[in-house]
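The values are calculated or read from the model by the stated rules, or taken from the named source; none is laboratory data. Quantities reported herein were computed from a predicted structural model and do not represent experimental measurements. Methodologically, a virtual Cβ is constructed for each residue, glycine included, from the backbone with ideal geometry; neighbour enumeration extends over all protein chains shown. When the accessible area is computed, the model is the full protein with side chains, heavy atoms only, and any ligands, DNA or RNA have been set aside. Shrake-Rupley method; radii C 1.70, N 1.55, O 1.52, S 1.80 Å.
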Amino acid sequence: MKIIIGSDQNGFGLKKVLIGHMESKGIEVTDMGVYTEDPVDYPDIAEQLALRIASGEFERGILICGTGVGMAIVANKVPGVRAACAHDVYSAERARKSNDAQVLTLGSLVVGTELAKSLVDAWVASEFAGGRSAPKVEKIKAVDERYRK
Amino acid sequence: MKVAIGSDHAAYQLKQVIKKLLTDLGHQVEDLGAFTDSVPANDYHLTGAAVADQVREGKADRGIVMCGSGIGISIAANKVPGVDCALCNDLFTARKSREHNDARVLALGARVVGEEVAKEIVKIFMQTEFEGGRHIARNANIRKIEQKYSK
(Lines give C-alpha, C1' and ligand atoms only; values in the text may rest on other atoms or scores of the structure.)
Protein backbone atom coordinates (compact mmCIF):
# COMPACT_ATOMS: atom_id res chain seq x y z
CA MET A 1 0.00 0.00 0.00
CA LYS A 2 1.32 3.45 -0.95
CA ILE A 3 0.57 6.08 1.68
CA ILE A 4 1.19 9.80 1.42
CA ILE A 5 1.33 11.92 4.57
CA GLY A 6 1.22 15.67 5.12
CA SER A 7 0.80 18.11 7.98
CA ASP A 8 0.88 21.73 8.99
CA GLN A 9 3.34 22.98 11.60
CA ASN A 10 1.16 21.73 14.46
CA GLY A 11 1.25 18.21 13.08
CA PHE A 12 4.95 18.21 12.16
CA GLY A 13 6.13 16.30 15.26
CA LEU A 14 3.36 13.69 15.12
CA LYS A 15 3.96 13.21 11.40
CA LYS A 16 7.59 12.25 12.08
CA VAL A 17 6.46 9.74 14.71
CA LEU A 18 3.87 8.17 12.38
CA ILE A 19 6.27 7.95 9.43
CA GLY A 20 8.73 6.04 11.64
CA HIS A 21 5.93 3.82 12.90
CA MET A 22 4.61 2.92 9.45
CA GLU A 23 8.08 2.39 7.96
CA SER A 24 8.91 0.01 10.81
CA LYS A 25 5.93 -2.05 9.62
CA GLY A 26 7.15 -2.11 6.03
CA ILE A 27 4.69 0.47 4.71
CA GLU A 28 5.96 2.75 1.95
CA VAL A 29 5.32 6.33 3.06
CA THR A 30 5.79 9.51 1.05
CA ASP A 31 6.21 12.68 3.12
CA MET A 32 4.85 15.74 1.30
CA GLY A 33 5.72 18.16 4.07
CA VAL A 34 5.82 20.35 5.96
CA TYR A 35 9.49 19.88 6.67
CA THR A 36 9.88 22.56 9.33
CA GLU A 37 7.76 24.01 12.13
CA ASP A 38 7.39 27.34 10.32
CA PRO A 39 3.74 28.40 10.07
CA VAL A 40 1.92 27.41 6.86
CA ASP A 41 -1.70 27.54 5.71
CA TYR A 42 -3.09 24.04 6.15
CA PRO A 43 -5.56 24.31 3.22
CA ASP A 44 -2.62 24.25 0.77
CA ILE A 45 -1.28 20.98 2.20
CA ALA A 46 -4.73 19.37 2.36
CA GLU A 47 -5.58 20.24 -1.23
CA GLN A 48 -2.24 19.01 -2.61
CA LEU A 49 -2.54 15.69 -0.81
CA ALA A 50 -6.20 15.20 -1.75
CA LEU A 51 -5.42 15.81 -5.43
CA ARG A 52 -2.78 13.08 -5.35
CA ILE A 53 -5.40 10.69 -3.94
CA ALA A 54 -8.05 11.78 -6.46
CA SER A 55 -5.60 11.21 -9.32
CA GLY A 56 -4.95 7.65 -8.16
CA GLU A 57 -1.24 8.28 -7.55
CA PHE A 58 -1.69 7.17 -3.93
CA GLU A 59 -4.26 4.79 -2.43
CA ARG A 60 -4.31 6.40 1.00
CA GLY A 61 -3.37 9.64 2.68
CA ILE A 62 -2.92 10.94 6.22
CA LEU A 63 -3.25 14.62 7.11
CA ILE A 64 -2.38 16.12 10.49
CA CYS A 65 -3.14 19.54 11.91
CA GLY A 66 -3.99 20.78 15.42
CA THR A 67 -7.47 19.23 15.57
CA GLY A 68 -7.78 17.37 12.26
CA VAL A 69 -10.85 19.49 11.51
CA GLY A 70 -9.44 21.94 8.97
CA MET A 71 -7.61 19.21 7.05
CA ALA A 72 -10.79 17.10 6.83
CA ILE A 73 -12.88 20.05 5.64
CA VAL A 74 -10.46 20.90 2.82
CA ALA A 75 -9.72 17.33 1.69
CA ASN A 76 -13.44 16.64 1.46
CA LYS A 77 -13.83 19.63 -0.86
CA VAL A 78 -11.80 17.81 -3.52
CA PRO A 79 -14.08 15.68 -5.73
CA GLY A 80 -13.73 11.95 -5.25
CA VAL A 81 -11.97 12.24 -1.90
CA ARG A 82 -13.48 11.09 1.37
CA ALA A 83 -11.60 12.27 4.48
CA ALA A 84 -12.37 11.10 8.02
CA CYS A 85 -11.26 12.81 11.21
CA ALA A 86 -11.00 9.89 13.65
CA HIS A 87 -9.71 10.02 17.21
CA ASP A 88 -10.97 6.67 18.47
CA VAL A 89 -10.25 3.18 17.17
CA TYR A 90 -13.91 2.40 16.40
CA SER A 91 -14.17 5.45 14.12
CA ALA A 92 -10.80 4.74 12.46
CA GLU A 93 -12.08 1.28 11.50
CA ARG A 94 -15.49 2.52 10.38
CA ALA A 95 -13.82 5.20 8.24
CA ARG A 96 -12.55 2.37 6.04
CA LYS A 97 -15.21 -0.34 6.48
CA SER A 98 -18.30 1.86 6.11
CA ASN A 99 -17.13 5.07 4.44
CA ASP A 100 -14.25 3.90 2.23
CA ALA A 101 -12.37 7.02 3.37
CA GLN A 102 -9.04 7.21 1.54
CA VAL A 103 -7.84 9.99 3.84
CA LEU A 104 -7.46 9.90 7.63
CA THR A 105 -7.06 13.22 9.45
CA LEU A 106 -5.65 13.53 12.95
CA GLY A 107 -5.36 16.32 15.50
CA SER A 108 -1.93 16.46 17.10
CA LEU A 109 -3.34 18.62 19.91
CA VAL A 110 -6.16 16.10 20.54
CA VAL A 111 -4.50 12.69 20.59
CA GLY A 112 -1.15 11.54 21.93
CA THR A 113 1.45 9.67 19.90
CA GLU A 114 0.59 6.14 21.06
CA LEU A 115 -3.14 6.55 20.43
CA ALA A 116 -2.32 8.07 17.03
CA LYS A 117 -0.26 4.97 16.16
CA SER A 118 -3.19 2.74 17.14
CA LEU A 119 -5.55 4.84 15.02
CA VAL A 120 -3.26 4.55 12.00
CA ASP A 121 -2.86 0.79 12.55
CA ALA A 122 -6.65 0.29 12.70
CA TRP A 123 -7.24 2.45 9.64
CA VAL A 124 -4.46 0.80 7.58
CA ALA A 125 -5.65 -2.70 8.51
CA SER A 126 -9.32 -2.06 7.65
CA GLU A 127 -10.78 -2.37 4.18
CA PHE A 128 -14.07 -1.19 2.72
CA ALA A 129 -16.67 -3.85 3.41
CA GLY A 130 -18.99 -2.99 0.51
CA GLY A 131 -22.37 -4.67 1.05
CA ARG A 132 -24.94 -2.36 2.56
CA SER A 133 -22.32 0.41 2.82
CA ALA A 134 -21.81 0.50 -0.95
CA PRO A 135 -25.05 2.37 -1.84
CA LYS A 136 -24.29 4.87 0.94
CA VAL A 137 -20.86 5.70 -0.46
CA GLU A 138 -22.57 6.07 -3.84
CA LYS A 139 -24.81 8.71 -2.24
CA ILE A 140 -21.71 10.66 -1.17
CA LYS A 141 -20.49 10.48 -4.74
CA ALA A 142 -23.91 11.79 -5.86
CA VAL A 143 -23.53 14.80 -3.53
CA ASP A 144 -20.04 15.33 -4.95
CA GLU A 145 -21.39 15.20 -8.52
CA ARG A 146 -24.16 17.66 -7.78
CA TYR A 147 -21.76 20.50 -7.00
CA ARG A 148 -18.75 19.46 -9.06
CA LYS A 149 -17.66 21.46 -12.10
CA MET B 1 -30.25 30.80 16.38
CA LYS B 2 -31.91 28.72 13.70
CA VAL B 3 -30.46 25.22 13.68
CA ALA B 4 -31.02 22.54 11.02
CA ILE B 5 -30.47 19.01 12.33
CA GLY B 6 -30.25 15.65 10.59
CA SER B 7 -29.17 12.07 11.29
CA ASP B 8 -29.33 8.46 10.17
CA HIS B 9 -31.30 5.80 12.09
CA ALA B 10 -28.31 5.02 14.35
CA ALA B 11 -28.23 8.59 15.67
CA TYR B 12 -32.00 9.08 15.84
CA GLN B 13 -32.14 8.81 19.65
CA LEU B 14 -29.21 11.19 20.14
CA LYS B 15 -30.88 13.62 17.76
CA GLN B 16 -33.97 13.65 19.97
CA VAL B 17 -31.80 14.50 22.99
CA ILE B 18 -29.95 17.27 21.15
CA LYS B 19 -33.19 18.74 19.78
CA LYS B 20 -34.52 19.07 23.31
CA LEU B 21 -31.27 20.66 24.51
CA LEU B 22 -31.31 23.20 21.68
CA THR B 23 -34.95 24.05 22.25
CA ASP B 24 -34.30 24.47 26.01
CA LEU B 25 -31.44 26.84 25.14
CA GLY B 26 -33.86 28.96 23.13
CA HIS B 27 -32.83 27.90 19.63
CA GLN B 28 -35.22 27.25 16.79
CA VAL B 29 -34.71 23.70 15.46
CA GLU B 30 -35.67 22.23 12.12
CA ASP B 31 -35.41 18.43 11.94
CA LEU B 32 -34.69 17.08 8.43
CA GLY B 33 -34.85 13.42 9.52
CA ALA B 34 -34.40 10.53 9.99
CA PHE B 35 -37.78 10.30 11.68
CA THR B 36 -37.43 6.74 12.96
CA ASP B 37 -34.71 4.54 14.41
CA SER B 38 -36.20 1.32 13.08
CA VAL B 39 -35.36 1.40 9.38
CA PRO B 40 -31.74 1.63 8.28
CA ALA B 41 -31.65 4.90 6.39
CA ASN B 42 -29.54 4.65 3.23
CA ASP B 43 -30.25 8.28 2.43
CA TYR B 44 -28.52 9.85 5.39
CA HIS B 45 -25.74 11.30 3.30
CA LEU B 46 -28.38 13.21 1.41
CA THR B 47 -29.80 14.35 4.76
CA GLY B 48 -26.31 15.59 5.68
CA ALA B 49 -26.13 17.54 2.43
CA ALA B 50 -29.68 18.85 3.00
CA VAL B 51 -28.65 20.24 6.41
CA ALA B 52 -25.61 21.86 4.80
CA ASP B 53 -27.83 23.28 2.05
CA GLN B 54 -30.02 24.96 4.70
CA VAL B 55 -26.92 26.66 6.10
CA ARG B 56 -25.60 27.52 2.65
CA GLU B 57 -28.88 29.16 1.70
CA GLY B 58 -29.06 31.12 4.95
CA LYS B 59 -32.19 29.31 6.12
CA ALA B 60 -30.25 28.04 9.13
CA ASP B 61 -27.43 29.71 11.09
CA ARG B 62 -25.94 26.40 12.19
CA GLY B 63 -26.34 22.73 11.31
CA ILE B 64 -25.85 19.58 13.35
CA VAL B 65 -25.49 16.18 11.67
CA MET B 66 -25.06 12.74 13.22
CA CYS B 67 -24.52 9.14 12.26
CA GLY B 68 -22.83 6.16 13.96
CA SER B 69 -19.30 7.56 13.82
CA GLY B 70 -20.15 10.98 12.38
CA ILE B 71 -17.77 10.30 9.48
CA GLY B 72 -20.10 9.58 6.57
CA ILE B 73 -22.44 12.44 7.28
CA SER B 74 -19.56 14.89 7.85
CA ILE B 75 -18.02 13.96 4.49
CA ALA B 76 -21.37 14.56 2.77
CA ALA B 77 -21.91 17.92 4.49
CA ASN B 78 -18.41 19.09 3.50
CA LYS B 79 -19.13 18.36 -0.15
CA VAL B 80 -21.57 21.30 -0.13
CA PRO B 81 -19.77 24.49 -1.26
CA GLY B 82 -19.65 27.32 1.25
CA VAL B 83 -20.24 25.06 4.21
CA ASP B 84 -17.60 23.68 6.57
CA CYS B 85 -18.48 20.75 8.78
CA ALA B 86 -16.41 19.71 11.82
CA LEU B 87 -16.61 16.21 13.26
CA CYS B 88 -16.08 16.75 16.98
CA ASN B 89 -16.25 14.06 19.59
CA ASP B 90 -14.36 16.02 22.23
CA LEU B 91 -14.73 19.48 23.80
CA PHE B 92 -11.38 20.94 22.72
CA THR B 93 -12.07 20.20 19.08
CA ALA B 94 -15.59 21.60 19.36
CA ARG B 95 -14.20 24.89 20.67
CA LYS B 96 -11.46 25.12 18.03
CA SER B 97 -13.89 24.25 15.23
CA ARG B 98 -15.61 27.54 15.97
CA GLU B 99 -12.66 29.71 17.08
CA HIS B 100 -10.34 28.71 14.21
CA ASN B 101 -12.38 26.99 11.49
CA ASP B 102 -15.59 29.00 11.80
CA ALA B 103 -17.39 25.71 11.11
CA ARG B 104 -21.13 26.22 10.89
CA VAL B 105 -22.01 22.54 10.83
CA LEU B 106 -21.12 20.15 13.66
CA ALA B 107 -20.99 16.37 13.15
CA LEU B 108 -21.27 13.88 16.03
CA GLY B 109 -20.86 10.12 16.27
CA ALA B 110 -23.74 8.62 18.24
CA ARG B 111 -21.80 5.39 18.75
CA VAL B 112 -18.65 7.26 19.82
CA VAL B 113 -19.82 9.73 22.45
CA GLY B 114 -22.44 9.38 25.15
CA GLU B 115 -25.40 11.72 25.50
CA GLU B 116 -23.92 13.98 28.16
CA VAL B 117 -20.63 14.50 26.31
CA ALA B 118 -22.61 15.15 23.13
CA LYS B 119 -24.67 17.79 24.94
CA GLU B 120 -21.52 19.55 26.21
CA ILE B 121 -20.03 19.49 22.69
CA VAL B 122 -23.20 21.04 21.26
CA LYS B 123 -23.28 23.73 23.97
CA ILE B 124 -19.67 24.73 23.24
CA PHE B 125 -20.28 24.66 19.48
CA MET B 126 -23.32 26.92 19.83
CA GLN B 127 -21.68 29.37 22.27
CA THR B 128 -18.22 29.79 20.79
CA GLU B 129 -17.50 32.58 18.34
CA PHE B 130 -14.98 32.70 15.49
CA GLU B 131 -11.71 34.39 16.51
CA GLY B 132 -11.06 35.95 13.10
CA GLY B 133 -7.51 37.36 12.79
CA ARG B 134 -5.02 35.02 11.08
CA HIS B 135 -7.77 32.47 10.50
CA ILE B 136 -9.66 34.69 8.06
CA ALA B 137 -7.06 34.23 5.29
CA ARG B 138 -6.86 30.48 5.87
CA ASN B 139 -10.60 30.08 5.67
CA ALA B 140 -10.67 32.24 2.53
CA ASN B 141 -8.29 29.71 0.99
CA ILE B 142 -10.90 27.00 1.54
CA ARG B 143 -13.41 29.04 -0.47
CA LYS B 144 -10.84 29.41 -3.28
CA ILE B 145 -10.18 25.66 -3.32
CA GLU B 146 -13.91 25.00 -3.39
CA GLN B 147 -14.49 27.32 -6.33
CA LYS B 148 -11.96 25.36 -8.38
CA TYR B 149 -14.01 22.19 -8.16
CA SER B 150 -17.60 23.27 -7.73
CA LYS B 151 -20.25 24.56 -10.10
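Any residue at all in region A:94-103 that's in a loop (DSSP other than H, G, I, E, B) and open to solvent by less than 10 Å² (accessible area, probe 1.4 Å)? Don't jump to the end; show me each part of the working.
First, pick out the residues of region A:94-103 that are in a loop (DSSP other than H, G, I, E, B): A:98-102.
Applying the additional criterion that residues be open to solvent by less than 10 Å² (accessible area, probe 1.4 Å) yields A:99, A:101.
Taking every residue of region A:94-103 in turn, at least one turns out to be in a loop (DSSP other than H, G, I, E, B) and open to solvent by less than 10 Å² (accessible area, probe 1.4 Å).
Close Cβ contacts (under 8 Å, 6 or more residues apart or on different chains) running from residues in region B:108-127 that are outside any helix (DSSP H, G or I) to residues that are surrounded by fewer than 15 Cβ atoms within 10 Å (Cβ to Cβ) comprise B:110/B:13; B:111/A:90; B:112/A:90. Please tell me if residue A:57 is closer than 20 Å to residue A:121 by Cβ, open to solvent by 60 Å² or more (accessible area, probe 1.4 Å) and among the acidic types (Asp, Glu). Judged against the criteria, residue A:57 is not a match. With respect to (1) open to solvent by 10 Å² or more (accessible area, probe 1.4 Å); (2) within 24 Å of residue A:138 (Cβ to Cβ), the lone exception for residue B:27 is condition (2). Scanning region A:1-43 for residues that are closer than 19 Å to residue B:140 by Cα, of a type in the set (Asp, Glu) and modelled with pLDDT under 95 turns up just one, A:41.
I want to confirm something. Restricting to region B:126-149 and keeping residues that are open to solvent by 40 Å² or more (accessible area, probe 1.4 Å) and of a type in the set (S, T, N, Q), which single residue is nearest to residue B:91 (Cα to Cα)? Step by step, filter region B:126-149, then rank; the result is B:127. Residue count for region A:76-100, restricted to those that are free of Cβ contacts under 8 Å to residues at least 40 places away in the same chain, among the charged types (D, E, K, R) and within 7 Å of chain B (Cβ to nearest Cβ): 3. Quickly run through region B:34-45 and pick out the residues that are within 14 Å of chain A (Cβ to nearest Cβ) and either among the hydroxyl-bearing types (Ser, Thr, Tyr) or surrounded by 19 or more Cβ atoms within 10 Å (Cβ to Cβ) (or both). Matches in region B:34-45: B:34, B:41, B:44, B:45. The set of residues in region B:102-125 that are farther than 20 Å from residue B:67 by Cβ and open to solvent by less than 30 Å² (accessible area, probe 1.4 Å) contains only B:124. Of the candidates B:50, B:4, B:76, the single residue that is hydrophobic (A, V, I, L, M, F, W, C), open to solvent by 30 Å² or more (accessible area, probe 1.4 Å) and under 13 Å from the mean Cα position of the chain (by Cα) is B:50.
Kindly evaluate residue A:46 against the criterion of being closer than 26 Å to residue A:135 by Cβ, touching a residue at least 24 places away in the same chain (Cβ under 8 Å), within 12 Å of another protein chain (Cβ to nearest Cβ) and outside any loop (DSSP other than H, G, I, E, B). Don't jump to the end; show me each part of the working.
Numbers: closer than 26 Å to residue A:135 by Cβ: no; touching a residue at least 24 places away in the same chain (Cβ under 8 Å): yes; within 12 Å of another protein chain (Cβ to nearest Cβ): yes; outside any loop (DSSP other than H, G, I, E, B): yes.
No.
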